Amino acid sequence: MQYDVSSLNEYLESIPVERKEAIEQLIEVLKTNLPDGFALELSYGHLGFVVPHTLYPSGYHCDPKAPLPFINIASQKNFIALYHMGLYMNDEIYNWFVAEYPKHSTKKLDMGKSCIRFKKVEDIPYDLIRQLAQKITPEQWINMYESVLINRKK
């Protein structure tokens, strides 16, 4: 579910009131724990932490005018989603997250390859998200991303 907005503030204003505090807390956890270099902006109609063009001028291969996406937060119809591309690209981090999740939540993990879904705001494991945020630097993310692109072109 994408909102028809043109700024971060408009996105935050459009979020249902019952989710707003949780999303603001997720943003704060990520802003204070992601390594330096990631930037928060509107990304594909959601809140996104990206590698800006100042660090990675090539941008995203699907749309080089767009910065390289890394983490997105979305208020979907029935849940809050956290999309973390590092989980998708790095089996070690993915396996770590899956193993750690039960230590931080009594709820069953609802997750795709990069999308973690939280149906209830009280079930968001902020400390685990904090730890996850610290695992990949922008430079490491660029290297992972480029290695997949190079292998895809072969």
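The values are calculated or read from the model by the stated rules, or taken from the named source; none is laboratory data. Predicted model, so just to flag it, every value in this text is computed and none were measured. Neighbour counts are summed over all protein chains in view; Cβ atoms, including those assigned to glycine, are modelled from backbone coordinates with ideal geometry.
Worth a mention:
- Considering the conditions (1) out of contact with any Phe, Trp or Tyr (no Cβ under 8 Å at 6 or more places or on another chain); (2) within 25 Å of Y11 (Cβ to Cβ); (3) surrounded by fewer than 13 Cβ atoms within 10 Å (Cβ to Cβ), K119 is excluded by exactly one of them, (1).
- Residues considered: Y60, Y56, Y88. Of these, the only one that is closer than 22 Å to S147 by Cα and either surrounded by fewer than 16 Cβ atoms within 10 Å (Cβ to Cβ) or at pLDDT 95 or above (or both) is Y56.
- Selected residue (only one of S58, S105, S75 is of a type in the set (G, A, S), over 16 Å from G48 (Cα atoms) and touching a residue at least 12 places away in the same chain (Cβ under 8 Å)): S105
- K77 out of contact with any helix residue (DSSP H, G or I) (no Cβ under 7 Å at 6 or more places or on another chain) and surrounded by fewer than 20 Cβ atoms within 10 Å (Cβ to Cβ): yes
- Only residues that are outside any strand (DSSP E or B) and closer than 15 Å to N143 by Cα were counted in segment 36-51, giving 1.
- Of the numbered criteria (1) modelled with pLDDT under 95; (2) more than 22 Å from K31 (Cα to Cα), the one K103 fails is (1).
- Flag for A81 being at pLDDT below 95 and under 26 Å from L12 (Cα atoms): no
- Breaking point among (1) free of Cβ contacts under 8 Å to residues at least 12 places away in the same chain; (2) among the hydrophobic types (A, V, I, L, M, F, W, C); (3) under 22 Å from K119 (Cα atoms), for I27: (1)
- Total residues in segment 91-100, condition within 19 Å of L30 (Cβ to Cβ) and surrounded by fewer than 18 Cβ atoms within 10 Å (Cβ to Cβ): 4
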